[in-house]
């Protein structure tokens, strides 16, 4: 399933990832459920790989494992020339700033007591980078970069709209200058017009900052708009992976065809798409 790239070697390469949950998250304590069953994929520098699948297909489990927030049952994750899945906690703390997550609901990850400037500068404070004045200046620069007006820098998240909170979450994720940004259903809670605005912001940031994205979604049109490649996951396995254009035009797997068939409207008439 690995694709050839002019971008050189992968930024991240996952090999045969397995993740099993004991106790089945609320089922019988002796039962084990497989969330990931041998997932392999590569994410190349300055590109976007979208992962598309239905609810419960293993998308979020894969996101947490790639970000080293959930331990694997087995498998390897190669990043920066080493298998980060085998690292102990002290060494993982040095890796995590390079892989940042943006979630569906930013309110759950943004402190309601902090101002926008404090939220964006907090990762720099935790990592003990720069003095207070420099941290604030960098935070304000990132807020402006993601389209949050300067006059809102002193406001708390509850004073922001949903789209502005997602912009704030993106700015916070960028504070440590990560190499990989994992976006886990980051647009699904927004209305269509706001989805388009944030999607275009992500494309602009990728172009200007050279970012690499792993974009997780159940929304095939948005995946096709943002991604260079699409991987389709079903019951913890990657069933198809190819360039976005080829997947949309000539899906090979039944699951991919079913997901495409469930997409409202036509790809040919969707204004967001860049693959047609």
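Remarks
- Boolean, residue 45 is assigned to a loop (DSSP other than H, G, I, E, B) and free of Cβ contacts under 8 Å to residues at least 60 places away in the same chain: no
- Evaluation of residue 224 against (1) part of a helix (DSSP H, G or I); (2) within 30 Å of residue 75 (Cα to Cα); (3) at pLDDT 95 or above (one fails), failing number: (3)
- Residue that is farthest from residue 37 (Cα to Cα), among those in region 100-114 that are outside any loop (DSSP other than H, G, I, E, B) and in contact with a helix residue (DSSP H, G or I) (Cβ under 7 Å, 6 or more places away or on another chain): 107
- Applying the condition of being without any contact (Cβ under 8 Å) to a residue 12 or more places away in the chain and outside any loop (DSSP other than H, G, I, E, B) to region 147-184 and asking which residue is farthest from residue 136 (Cα to Cα) yields 159.
- In region 127-146, the qualifying residues are those that are within 22 Å of the chain's Cα centre (by Cα) and either at pLDDT below 95 or outside any helix (DSSP H, G or I) (or both), and the one that is nearest to residue 170 (Cα to Cα) is 146.
A quick yes/no check of all residues on (1) in contact with a strand residue (DSSP E or B) (Cβ under 8 Å, 6 or more places away or on another chain); (2) over 30 Å from residue 222 (Cα atoms):
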residue	(1), (2)
43	yes, no
48	yes, no
71	no, no
75	yes, no
93	no, yes
120	no, no
129	no, yes
132	no, yes
139	no, no
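- Here 72, 51, 36 are screened, and the one residue that is assigned to a loop (DSSP other than H, G, I, E, B), closer than 22 Å to residue 238 by Cβ, modelled with pLDDT of 95 or more and in contact with a helix residue (DSSP H, G or I) (Cβ under 6 Å, 6 or more places away or on another chain) is 72.
- Of the residues making up region 75-90, just one is touching a helix residue (DSSP H, G or I) at 6+ places or on another chain (Cβ under 8 Å) and over 23 Å from residue 37 (Cα atoms), namely 80.
- Residue-level analysis places residue 16 among those that are surrounded by fewer than 21 Cβ atoms within 10 Å (Cβ to Cβ) and modelled with pLDDT of 95 or more.
- Some residue of region 130-138 being touching a residue at least 24 places away in the same chain (Cβ under 8 Å), crowded, with 17+ Cβ neighbours inside 10 Å and on the phi < 0 side of the Ramachandran plot: yes
- Residue 141 surrounded by fewer than 17 Cβ atoms within 10 Å (Cβ to Cβ) and on the phi > 0 side of the Ramachandran plot: no
- Taking the criterion of being without any contact (Cβ under 8 Å) to a residue 24 or more places away in the chain and in contact with a strand residue (DSSP E or B) (Cβ under 8 Å, 6 or more places away or on another chain), the only residue of region 207-239 that qualifies is 239.
- Exclusive hit being surrounded by 19 or more Cβ atoms within 10 Å (Cβ to Cβ) and modelled with pLDDT of 95 or more, set 201, 183, 187: 183
- Exactly one residue out of 207, 193, 188 is assigned to a helix (DSSP H, G or I) and within 28 Å of residue 112 (Cβ to Cβ), and it is 193.
The values are calculated or read from the model by the stated rules, or taken from the named source; none is laboratory data. It should be emphasised that the depicted structure is a prediction, and the values quoted were computed from it without experimental measurement. Here Cβ is always computed from backbone atoms with ideal geometry, including for glycine, and neighbour counts include all displayed protein chains.
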